[in-house]
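Scroll down for the structure; my scribbles are underneath it.
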Amino acid sequence: MATVTASSPEEKRNGPPDRRGSRLVGVLTLLPGPLPGTVYSLKQPMSVHLQMDLGGRYVISDATTGAFTSSDHQFGALTGFVGALVEEFEFLLSHEPSLSPAMMSELERFRTLMERIPHSHALP
């Protein structure tokens, strides 16, 4: 399972929100193409779950990568999820020489999903 990025101090202490009491709002499909505000592009469609937790926060998660985030607003959850996804990918890339076999497998999963856009710079 991937190391995930928590979006609040509570999530950093306690891990991902407990999804058992959450309500599924829908499934979002991120289409291939540039990920806004990043230097990365999705190579294939990616379906993520949008849920509302017991506290009324929107939670977006992906079972393939283990990435998740939460926010008070749907758009904030989506932008946070893209940031968490990129952060995890960059972490794995930066530690590639020392990754365990399991983490190397995780990096390969990310590489099937996304790639750096050649000659690109992140938008402000």
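Table for the structure above
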{"read-out": "Overall form of the range 60-122 per C-alpha gyration tensor (a/c, 1.5; a/b vs b/c)", "value": "oblate"}
{"read-out": "Ranking of Phe68, Phe91 by count of other Cβ atoms within 10 Å, fewest first", "value": "Phe91, Phe68"}
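Only the coordinates and a few stated rules stand behind these numbers; no lab work does. None of the values given here were measured: they were computed from a predicted structure. With ideal geometry, Cβ positions are generated from the backbone for all residues, glycine too; neighbour counts draw on all protein chains shown.
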